[in-house]
Amino acid sequence: MPTTKKKRPAPAAHDWFKVRAQGEARAELSIFGDIGEDWWAEESNTAKSVVEKLKALGDVTDLTVRINSYGGSVADGLAIYNALRRHPASVSVVVEGVAVSIASLIAMAGDSVEMPANTLMMIHAPWGGAIGNAKEMREMADVLDKYSEAMASSYATKTGKAHEEMLALLSDGEDHWFTAAEAVEAGFADYMTEELAAAASLRMGRFHIPAAPAAHIEEDKPMPANKQTATPAEQITPEPQGATTPNVSDIEKAAEARLRDQIKARNTEIQSRFQKHLGKDGVQSLFNAVIADTEIDVDTASARLLDHLGKDLSPITPEGAAPRVEAMADERDKRKAGVSAALMVRAGVATPEIRATVDGSNPWRGARLIELAAQSCERAGVNTRGMMPMEIVGAAFTQSTSDFPILLEDAMHKTMLSAYRLASDTWSRFCATGSVSDFRPHHRYRSSSLGNYMVVNELGEYQNVSIPDGEKASVSVDTKGLIINMSRQMVVNDDLGAFLGMAAQIGRSGRRTVEAAVYALLGENSGLGPTQGDTEPLFHANRANVGASAVNSVSQWDAMRVIMAQQKDVGSNDYLDLRPAVWVGPVGLGGLARQTNEAEYDDEATKNQRRPNISRGLVRDIVDTPRLSGNRYYLFADPAEAPVIEVSFLDGQQEPVLERMDGFDVDGSRFKGRLDFGVAAVDYRGAVTSAGG
């Protein structure tokens, strides 16, 4: 079909399509020129080429797409739009000059769309031509309507406006031009930035042009002979009569002035970032290269400078590792750690790890207490020449800047914690551990289930169920501790065993205190546990957690297993189906308990016919302790699943704290060991007891 076109000379080959990596996570895609196969350019923006270039980028998280195009093939444009929408990176679109026709639809693929103030966007209906009879012409019109429908959905997705409103822009036959501000207001762009120098050449023959849209005008090019039939796509139309011709000379001069200003500002900023590094090898050559390439912005130039400066360096943090910041110990910290370790080794209370640090490099190895006291006085500015030992020790304790009390406190604190951690306990094997924020009672709530679903009647009505009340138990903590005195005579006599040995005793005493509190609670009411809010003890027939009075045996354990499994939740709606995990009882019954738990056969059933032990391996742990007496024993479920007794610590601090006070009435220092904890029964369902036999 003949078309009306103005002839224009073929321009020099352009690199319309460009992909540039900007780092491991960033990349840039430039779409300049026609969309789809171009009649004149050596390279054009086909959908196939765009998809291939996107794949070549690899894994990037930020993709900048720069657009300066008057459109082209609708089919290619739709494919490019979908490829960008599917891309996992965050896509930022920048309209560098114009985004016209199908190029404006490609811009809609951006998670954000930026338009400098002097850029333009245009939206109109797809158009095309066909050769054939009337039926074929009508079919072409139907195809163009389908393209309009498809394009409208993309504009509607970006703007959030109705599909019908966008379709109207694509079916009224008009060219809808938008300045940057108008595009932002209409929702086609997200924000407007400062204007850039015009970067596009405008093809006048095709569109209705608003005032001053471009910096250069070209004549249309002739269609090559092998392009015979147009496809359903956007093609160039004749220039409408009466169109206003911009003052090209003024536009070009203004654009050139803005471009010069921008390049000058860019060069100044790049020079300031390179200036202090120009004396380093290769930096001057890199500076000359980035200044000469005006496509390199300031951030890219800075990134290249950093890469160059760090090319021969190894990273402080290995690749894939988390950054690490270390605070270096100062001289005071090193002295405190070294003195503490030396004293603990001399007293025989050091752990193997601490003993390994006390070698020839430790200047305090073998130092007596009086020597350390004298050193502390000298460091505090006190001259100890001519002073008696008691005077030296007195000055070391009373001089405000002396670190001698701190050194002793640190050694004692480490000794106390070491002893506390090494001391064994049994309560942690069957009790839960909790934390409270203060000394007030803290509640532990247990809620009920809602029961089973009920049958819906013929009218489809559902029955209301009441939300059952829950149960609560309270836990609280108290402060427990003791004080020991350290006299000046101990320092003069170098009696390390006296004060470090006492520190170890404080640690072991703290562990024993918690242990004793747990078994004291369990032993209340003749072994039935503490009295609960209903005035009954923790173990009671009304709670269904008391087994028959019988000795440890296969049958007795199995019966207690059944009792525990049949416990129900707070509302008695469902079985908890708990299982024993720990046996707890007097040390005299521990052997029989292990036999019952580990024997392969139940020899008590019959001596003539051996039967398998049905309770074999029922519990994972046997806790026998001299803190319980008599024949009563207990089976506990796993405390993580059904806690019965909880040991709570203030702010979760499970180790004792050592505090020092230099007293007036004590010729030395006082050291106080303190532990804030409490023990309470929080539920009865996770344990069963038997009085034995």
Report, by residue number, each residue of segment 549-584 that is of a type outside the set (Asp, Glu), without any contact (Cβ under 8 Å) to a residue 60 or more places away in the chain, touching a helix residue (DSSP H, G or I) at 6+ places or on another chain (Cβ under 9 Å) and within 24 Å of ALA432 (Cα to Cα). TYR575, ARG579, TRP583
If only one of VAL65, VAL50, VAL94, VAL98 is touching a residue at least 12 places away in the same chain (Cβ under 8 Å), under 31 Å from the mean Cα position of the chain (by Cα) and either under 21 Å from LEU120 (Cβ atoms) or surrounded by 19 or more Cβ atoms within 10 Å (Cβ to Cβ) (or both), which one is it? VAL65
Report, by residue number, each residue of segment 357-395 that is under 23 Å from VAL345 (Cα atoms), hydrophobic (A, V, I, L, M, F, W, C) and either at pLDDT 85 or above or over 49 Å from the mean Cα position of the chain (by Cα) (or both). TRP364, ALA367, LEU369, ILE370, LEU372, ALA373, ALA374, VAL393
In segment 142-189, how many residues are assigned to a loop (DSSP other than H, G, I, E, B) and more than 17 Å from ALA103 (Cβ to Cβ)? 8
Looking across segment 280-295 at residues that are surrounded by 12 or more Cβ atoms within 10 Å (Cβ to Cβ) and touching a residue at least 24 places away in the same chain (Cβ under 8 Å), the single one that is nearest to THR268 (Cα to Cα) is ILE291
So, in segment 101-118, of the ones that are over 17 Å from SER90 (Cα atoms) and not hydroxyl-bearing (Ser, Thr, Tyr), which residue ends up surrounded by the fewest Cβ atoms within 10 Å (Cβ to Cβ)? ALA117
Only one of MET115, MET151, MET122 is aliphatic (A, V, I, L, M), within 36 Å of the chain's Cα centre (by Cα) and modelled with pLDDT of 90 or more; which? MET115
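Per-residue answers, yes or no, for (1) crowded, with 19+ Cβ neighbours inside 10 Å; (2) in contact (Cβ under 8 Å) with a residue 12 or more places away in the chain; (3) in the same structural domain as VAL562 (by TED's automatic domain parsing); (4) not in a strand (DSSP E or B):
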{"residue": "GLY617", "(1), (2), (3), (4)": "no, yes, yes, yes"}
{"residue": "ARG627", "(1), (2), (3), (4)": "no, yes, yes, yes"}
{"residue": "PHE636", "(1), (2), (3), (4)": "yes, yes, yes, no"}
{"residue": "ALA640", "(1), (2), (3), (4)": "no, yes, yes, yes"}
{"residue": "GLU659", "(1), (2), (3), (4)": "no, yes, yes, no"}
Mind listing whichever residues of segment 471-502 are surrounded by 17 or more Cβ atoms within 10 Å (Cβ to Cβ), over 18 Å from PHE439 (Cβ atoms) and among the basic types (Lys, Arg)? ARG488
With respect to ARG138, determine if the residue is modelled with pLDDT of 90 or more and either of a type outside the set (Phe, Trp, Tyr) or outside any helix (DSSP H, G or I) (or both). no
How many residues, within segment 96-130, are in a loop (DSSP other than H, G, I, E, B), more than 16 Å from SER69 (Cβ to Cβ) and touching a strand residue (DSSP E or B) at 6+ places or on another chain (Cβ under 9 Å)? 3
For LEU635, the lone unmet condition from (1) in contact with a helix residue (DSSP H, G or I) (Cβ under 6 Å, 6 or more places away or on another chain); (2) farther than 26 Å from LEU521 by Cβ; (3) modelled with pLDDT of 95 or more is (2)
Based on this model, can you work out whether ARG543 counts as basic (Lys, Arg), under 49 Å from the mean Cα position of the chain (by Cα) and surrounded by 20 or more Cβ atoms within 10 Å (Cβ to Cβ)? no
Can you confirm whether SER526 is within 19 Å of ASN631 (Cα to Cα) and assigned to a helix (DSSP H, G or I)? yes
Could you check segment 495-523 and list, in sequence order, the residues that are assigned to a helix (DSSP H, G or I) and farther than 30 Å from ASP624 by Cα? LEU496, GLY497, ALA498, PHE499, LEU500
Among the residues of segment 474-490 satisfying the criterion of being within 19 Å of MET416 (Cα to Cα) and among the β-branched types (Val, Ile, Thr), which is nearest to the chain's Cα centre (by Cα)? THR479
Is it true that some residue in segment 486-494 is of a type in the set (Lys, Arg) and in a helix (DSSP H, G or I)? yes
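The values are calculated or read from the model by the stated rules, or taken from the named source; none is laboratory data. In this text, all values refer to a predicted model and were calculated from it rather than measured experimentally. Counting neighbours? That spans all protein chains shown, and the Cβs are built from the backbone with ideal geometry, glycine included.
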